[in-house]
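Please read the structure below before turning to the comments.
The values are calculated or read from the model by the stated rules, or taken from the named source; none is laboratory data. Quick caveat, the model's predicted, so the values are computed rather than measured. Here Cβ is always computed from backbone atoms with ideal geometry, including for glycine, and neighbour counts include all displayed protein chains.
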Amino acid sequence: MRAAVSTREKPRRLAGGSLVAMAVVLSACGSGDTPQNTLAPASERARNIDGLFTFTLILAAVVFVLVQGAIIYTVVKFRLKKGEEPKPVKQIHGNTRLEIAWTIAPALILAGLAVPTVQTIFENAESPVDAIEITVMGHQWWWEYEYTDLGVVTANEMHIPVGRDVFLTLETDTTDVIHSFWVPRLSGKRDVVPGHVNTITISADEPGEYLGQCAEFCGLSHANMRLRVYAHEPADFDAWVASQLAAAAIPPDTDESLRSTGWELFISKGCAACHAVNGTEAAGGGLNPGPNLTHFAQRNTFAGALFERNDENLRSWLANPSAMKPMQPDLNRGMPNLGLNDEEITALVAFLQGLT
Amino acid sequence: MATVVEAPPISPPGAQPKGGIWAWLTSVDHKKIGIMYGVAAMAFFILGGIEALVIRLQLAVPEGSVVAEDAYNQLFTMHGTTMVFLFVMPISAAFGNYFMPIMIGARDVAFPRLNALSFWIFLAGGIFISSSFFLGGFPDGAWVGYSPLATQAEVIRMDFWALGLLILGVASLLGAVNFITTIFTMRAPGMTLFRMPVFVWMQMVVAFLLAFSLPLVTVGLFQVILDRNFGTLFYDAATGGDPVLWQHLFWLFGHPEVYILILPAMGIVSEVLPTFSRKPLFGYQFVVFAGAAIGFLGFGVWAHHMFTAGLGPVAETAFGLMTMTIAVPTGIKIFNWLGTMWGGSVSFTTPMLFAVGFVAMFTIGGLSGVTHSIVPADTQQHDSYYVVAHFHYVLFGGAVFGIFSGVYYWFGKVFGRLLDEPLGKLHFWLMFIGFNLTFAPMHILGLNGMPRRIATYGDGLGWNLWNLVATVGSFIIALSILVFLVNAVRSYRKGEPAGADPWDGRTLEWSTTSPPADYNFAEVPIVDAIDDFWYKKYGEDDNHLPVRLDTDPRDLSAREPDVEHHVHLPSPSYYPILLAVGIVTLAYGFLWLPIGYLAMAAGLGIMLWAIFGWALEDIDHPMGDGNGHGDGGDDGGGRDAAAELVGSGAEGTSE
């Protein structure tokens, strides 16, 4: 028989790290530095979820403390001290009453959890009333939004009014892959599945910017498929819609400006094969649709909400898109390198930045 | 009560050739196969660990630039695939192979050559998948291989993945059939099902889970391969195929798989805790039934991996509630482990440290698992780092801690020398601290909105600190593994001799020598109780306290095998490894058609050669015995000597 060696201070540390972690989780609620924080809900549905989670977490924390406490207590009480030889102990094989007790107790706790869970599942699945309807298309690796009744088409940055439900229909091309639409502060996530039509309702209490990103691994640039939702006061939202419905700022033919050159290049280089500019000869579409650029200059970001829209970033992008964000243009996934020279890039950037 | 069984008169022990690479390649000895499983699994563990370290380096800071997206996607796919299929599963098979037969008092498994085949197919499959690194890149569609991403990928990476998993599935299925048959037919006299060690019970539950769940994913994998290579449209939404079908098939396998990974570790812990508490397992029957219940329920919860797929509130409710119920048998196990230590004389050896660490860490994983069953909450947690934290608490804090508990517990039995205790404790504490530093922060990251499987993340999302902490933690884990490796090599060479029974054990493996002879037991043990070996060593005094008996009737280790009662061992065979080579040749050929048809033909040829050779093989092979026992009446025309031997053992069992 090998002498048993006792360890010092083991039990307390056993659970220590996890307890600290737990405390930090709880205190992390509402942190302003975490724009994708699920614990800082900003809509009714997200609050429903958060409330339910907090309730569960408290129960779990109680169970955690009890069980880890029991482990620590047992280990401290019954461990052999240093140099102590193992003692003969009673060979107890079990206790049926205890078994029944610790079968029923967790079952009761779970039953208590089940009730609000089922309630919330159905509550959050309720169809919204008087909602703004948007069709969300997931693409490798960007988001397209089509406002059903308003006729607005835009990309990556969604604009919604505060205090009103927004009913999202999630779709994707049948040749695309599964994505998942997730703006943590506004709701849980919902997958975008080829051949399926999924729906989810979001809303926002307060005006502001809400970040999100694709949550289902969708290939090469999954990490770079981000999105954001801008919530506005109703009047501001109406103004945004109006500006989106305005005619595109296309330079007139007679214009000799850089922008006009850019517009010509936009057509001649084939940009229009993928990118639509509404109300012009650039109809867009085709096998490989890219973001609608009608009011590109109203957006803060581009390329899957990955880069700030500024001249410098746009220049690098046009020079070599896949170097900034890995894509597979040869497989119709993402923007090809058009081999543009510096002058062409300058003109195109001027044109794009003029699409207000 | 069982009668004394005459060991059947057969060939002398040691029929297997000793030493040499050929002995390993052709061995059908469950112990040698177990060791090979263990060593191979550890090698893959290191590989998967290195992948994890690169992942953590990449994520240490925002906009990480250690690897590009393409490489990152390959790394996390292979990290998951490697750890699940090439480490935890095979190392559980290693323990099962080595100890399950000994713990039920058998001399080998029911089908020794099939056992060898399981191992060689596993190794071939593991090398096959991993070799993709040199042949166009690792698979890059995540370990769950969701279609249509998996069917869309244009290069052969995901073919490697799908074919590799099919090959590994064959290995697991063969192992499962073998284990089930062994446990049902080869137990020593008196070893009733409810006297079996819980470790054996858990191996049996796992074998059934494998047998029932693998066919489901096999169908799915074939569909992926057909879609990718032959233009079928199972997962092509454009023609009415359904990507969600894959998720159902995968998780119908994938959730039982979780229990396939954790139950063997639970079995190990259920052996270690009683030994070092010097008490029987508390509530043996309840622990067994809870394990079986987890197995059954595990088939009814697959869709909780799909709570964001749009199944609708009714299905979500059903699967949410069903998932909650799993917490009940899991809780029963945890409480019974506590009950085992309660009132015991608890010595904190390294295996015990890992076992208690298992209970504590697994509890955390179990609790976060309950939060997943809260469907609305799961729509936030799903595919976030919260889930990554959860399953690492289950599979690392759980399975891996359990596995290392088993390694420290049984190393001395397998190699005759104990692992060093101070180094073992250093290993434990480094791993315990590193593990919690790595994975506890991931709960926070997930709740703060960090999705999993992202190669980079932006600055300003509030994820920087915890990612850095996690990376530091992962290197502490790596350090702990280094300590273990040093310990293993040193102790293997010049560790403290283990002796037959270093821990004052309770189960049959401690009644035989360390390492056990080829035939395990000179005489087949006769079992009278749970923890039979303990009760053969200890009586009870008036206060019901154990008292060491003067005589030690079960300690047969010193006894020379009875020359009158030879032990028949199956002969070595090179057909299992040959068959595995054939299968993997076939698979490689398939990847490079049309020129690969040549390799496929060669593979098929090798397979046919191996199958026919196997079928026609003389089991009294020249490599085996030379004493012509074949004319003995008890050879009875049965092909498998080991089955025969325990066949006669089983006769002793029946009244």
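Among the residues of the range A:99-118, which ones are more than 7 Å from every other protein chain (Cβ to nearest Cβ) and either hydroxyl-bearing (Ser, Thr, Tyr) or surrounded by 14 or more Cβ atoms within 10 Å (Cβ to Cβ) (or both)?
A:Ala105, A:Ile109, A:Pro116
Of the conditions (1) in contact with a Phe, Trp or Tyr (Cβ under 6 Å, 6 or more places away or on another chain); (2) among the aliphatic types (A, V, I, L, M); (3) surrounded by fewer than 20 Cβ atoms within 10 Å (Cβ to Cβ), B:Leu193 satisfies every one except a single condition; which number is it?
With respect to (1) in contact with a Phe, Trp or Tyr (Cβ under 6 Å, 6 or more places away or on another chain); (2) among the aliphatic types (A, V, I, L, M); (3) surrounded by fewer than 20 Cβ atoms within 10 Å (Cβ to Cβ), B:Leu193 is out only on (1).
Hey, any hits in the range A:325-334 for a residue that's part of a helix (DSSP H, G or I), more than 24 Å from A:Tyr145 (Cβ to Cβ), more than 24 Å from the chain's Cα centre (by Cα) and touching a residue at least 40 places away in the same chain (Cβ under 8 Å)?
Taking every residue of the range A:325-334 in turn, none turns out to be part of a helix (DSSP H, G or I), more than 24 Å from A:Tyr145 (Cβ to Cβ), more than 24 Å from the chain's Cα centre (by Cα) and touching a residue at least 40 places away in the same chain (Cβ under 8 Å).
Which condition number does B:Val394 fail, the rest of (1) in a helix (DSSP H, G or I); (2) facing chain A (nearest Cβ under 7 Å); (3) among the β-branched types (Val, Ile, Thr); (4) touching a residue at least 60 places away in the same chain (Cβ under 8 Å) being met?
Every listed condition holds for B:Val394 apart from (2).
Conditions first: (1) more than 7 Å from chain A (Cβ to nearest Cβ); (2) crowded, with 22+ Cβ neighbours inside 10 Å. B:His382 passes all but one, so which condition is the exception?
(1)
I'd like to check something: does the range B:344-361 contain any residue that is farther than 20 Å from B:Lys425 by Cα, facing another protein chain (nearest Cβ under 8 Å), in a loop (DSSP other than H, G, I, E, B) and touching a residue at least 24 places away in the same chain (Cβ under 8 Å)?
yes
In the range A:35-50, which residue that is touching a residue at least 24 places away in the same chain (Cβ under 8 Å), under 23 Å from B:Met324 (Cβ atoms) and not charged (D, E, K, R) is farthest from the other protein chains (Cβ to nearest Cβ)?
Looking at the filtered set, the residue picked out is A:Ala46.
Which numbered condition trips up A:Thr201, out of (1) within 14 Å of chain B (Cβ to nearest Cβ); (2) more than 16 Å from the chain's Cα centre (by Cα)?
Going through (1) within 14 Å of chain B (Cβ to nearest Cβ); (2) more than 16 Å from the chain's Cα centre (by Cα) one by one, A:Thr201 breaks only (2).
Kindly establish whether A:Glu312 is away from chain B (no Cβ under 14 Å), within 25 Å of B:Leu461 (Cα to Cα) and in a helix (DSSP H, G or I).
In short, yes.
If you go through the range A:274-286 one residue at a time, do you hit one that is modelled with pLDDT of 95 or more and either among the charged types (D, E, K, R) or surrounded by fewer than 17 Cβ atoms within 10 Å (Cβ to Cβ) (or both)?
No, because not a single residue in the range A:274-286 is modelled with pLDDT of 95 or more and either among the charged types (D, E, K, R) or surrounded by fewer than 17 Cβ atoms within 10 Å (Cβ to Cβ) (or both).
Those residues that are within 13 Å of chain A (Cβ to nearest Cβ) and either touching a residue at least 24 places away in the same chain (Cβ under 8 Å) or part of a loop (DSSP other than H, G, I, E, B) (or both), I need them from the range B:533-545; list them, please.
B:Trp534, B:Lys537, B:Asp541, B:Asp542, B:Asn543, B:His544, B:Leu545
Look through B:Ala517, B:Ala488 and report the one residue that is small (Gly, Ala, Ser) and at pLDDT 95 or above.
B:Ala488
Name the residue that is nearest to the other protein chains (Cβ to nearest Cβ), counting only residues in the range B:152-172 that are within 16 Å of B:Phe234 (Cβ to Cβ) and out of contact with any Leu (no Cβ under 6 Å at 6 or more places or on another chain).
B:Gln152
Yes/no matrix, rows are residues, columns are (1) touching a helix residue (DSSP H, G or I) at 6+ places or on another chain (Cβ under 9 Å); (2) more than 12 Å from chain A (Cβ to nearest Cβ); (3) at pLDDT below 95:
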| site | (1), (2), (3) |
| --- | --- |
| B:Leu418 | yes, no, no |
| B:Leu423 | yes, yes, no |
| B:Phe432 | yes, no, no |
| B:Gly458 | no, no, yes |
| B:Trp466 | yes, no, no |
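So for the range B:473-493 (the condition being crowded, with 19+ Cβ neighbours inside 10 Å, facing chain A (nearest Cβ under 9 Å) and farther than 30 Å from B:Arg548 by Cα), does at least one residue qualify?
Within the range B:473-493 (the criterion being crowded, with 19+ Cβ neighbours inside 10 Å, facing chain A (nearest Cβ under 9 Å) and farther than 30 Å from B:Arg548 by Cα), the answer is no, since none of the residues qualifies.
I'd like the full set of residues that are within 29 Å of A:Gly304 (Cβ to Cβ) and crowded, with 22+ Cβ neighbours inside 10 Å, limited to the range B:440-452.
Correct list: B:Pro441, B:Met442, B:His443, B:Ile444, B:Leu445, B:Gly446, B:Leu447, B:Asn448, B:Gly449, B:Met450, B:Pro451.
Return yes when B:Val414 is out of contact with any Ser or Thr (no Cβ under 7 Å at 6 or more places or on another chain), in contact (Cβ under 8 Å) with a residue 40 or more places away in the chain, assigned to a helix (DSSP H, G or I) and within 19 Å of B:Leu263 (Cβ to Cβ) and no when it is not.
no
Can you tell me which residue is nearest to A:Lys87 (Cα to Cα) among those in the range B:236-287 that are away from chain A (no Cβ under 14 Å) and charged (D, E, K, R)?
Ranking the candidates gives B:Glu271 first.
Only one of these is more than 14 Å from every other protein chain (Cβ to nearest Cβ), surrounded by fewer than 24 Cβ atoms within 10 Å (Cβ to Cβ), of a type in the set (Phe, Trp, Tyr) and closer than 30 Å to A:Lys325 by Cβ: B:Phe134, B:Phe111. Name it.
Testing whether each residue is more than 14 Å from every other protein chain (Cβ to nearest Cβ), surrounded by fewer than 24 Cβ atoms within 10 Å (Cβ to Cβ), of a type in the set (Phe, Trp, Tyr) and closer than 30 Å to A:Lys325 by Cβ leaves just B:Phe134.
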